[in-house]
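The values are calculated or read from the model by the stated rules, or taken from the named source; none is laboratory data. Computed from a predicted structure; not experimentally measured. Note that we place each Cβ from the backbone using ideal geometry, even for glycine, and neighbour counts take in every protein chain shown.
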Amino acid sequence: MTIVIERLAEGPTPPDTANATWPNVLHTTIADVMAQMGQPPWSRRIIADERQLVTLIASPPGGGNRPHWHRDFDEWWVVLGGRLEWELTGGIVLQARKDDIVWVPRGTVHHIRNVGAELSLRLAVAMPPAMHYYSPCEQCGYADEGAREWCA
């Protein structure tokens, strides 16, 4: 895979775009995103460029994502609130709370669920185009399959 950088900086320059809405707003707060998005579940792309996609994801208690894996990139998250559980290929289960960082290598099926009693927030970092290959989950019995580009 080749990453194409369409615009290179020739030296120090001020930002040439000040987006009013996400992605790529120069400054925002989690509270601003939460106020705009409303009740979970939701996901909102915060940063998007040739090399990274950063998404804020909110899940209510019991909520989560569909089990999936990525062919060409690793993915990682920073837990900003709540208690989350990652079910991974091979029966591995990880628990994470606020301020924890979870990394999952490419090819690993991951199913993330909010196992706490409060809202969970996590910041997901992936690589474009973020193809998701949905997969049955050994532990939870989820049966969806297929490849899709993930959009927030």
**OP:** Would you check which residues across segment 72-120 are basic (Lys, Arg) and closer than 13 Å to residue 62 by Cα and list them?
**Re:** 83, 113
Subject >> Lone qualifier among 94, 84 - being more than 14 Å from the chain's Cα centre (by Cα) and of a type outside the set (Val, Ile, Thr) >> reply: 94
Original post:
What pairs come up if the first residue lies in segment 10-24 and is free of Cβ contacts under 8 Å to residues at least 12 places away in the same chain and within 15 Å of residue 46 (Cα to Cα), the second is of a type outside the set (Val, Ile, Thr) and exposed (fewer than 10 other Cβ atoms within 10 Å of the Cβ), and their beta carbons are under 7 Å apart, counting only those six or more places apart or on different chains?
Top reply: 18/26
Subject >> Single condition residue 106 does not satisfy, out of (1) in contact (Cβ under 8 Å) with a residue 24 or more places away in the chain; (2) surrounded by 13 or more Cβ atoms within 10 Å (Cβ to Cβ); (3) of a type in the set (Lys, Arg) >> reply: (2)
Original post:
residue 66: at pLDDT below 95 and out of contact with any strand residue (DSSP E or B) (no Cβ under 8 Å at 6 or more places or on another chain), yes or no?
Top reply: no
Original post:
If only one of 103, 77, 22 is assigned to a loop (DSSP other than H, G, I, E, B), aromatic (Phe, Trp, Tyr) and either in contact with a helix residue (DSSP H, G or I) (Cβ under 7 Å, 6 or more places away or on another chain) or within 18 Å of residue 122 (Cα to Cα) (or both), which one is it?
Top reply: 22
Original post:
Can you pull out the residues in segment 30-57 that are within 18 Å of residue 82 (Cα to Cα) and part of a loop (DSSP other than H, G, I, E, B)?
Top reply: 38, 39, 40, 41
**OP:** Restrict the check to segment 6-26 and report whether at least one residue is hydrophobic (A, V, I, L, M, F, W, C), modelled with pLDDT of 95 or more and either farther than 19 Å from residue 133 by Cβ or within 18 Å of the chain's Cα centre (by Cα) (or both).
**Re:** no
Original post:
How many residues, within segment 116-133, are part of a loop (DSSP other than H, G, I, E, B) and crowded, with 17+ Cβ neighbours inside 10 Å?
Top reply: 4
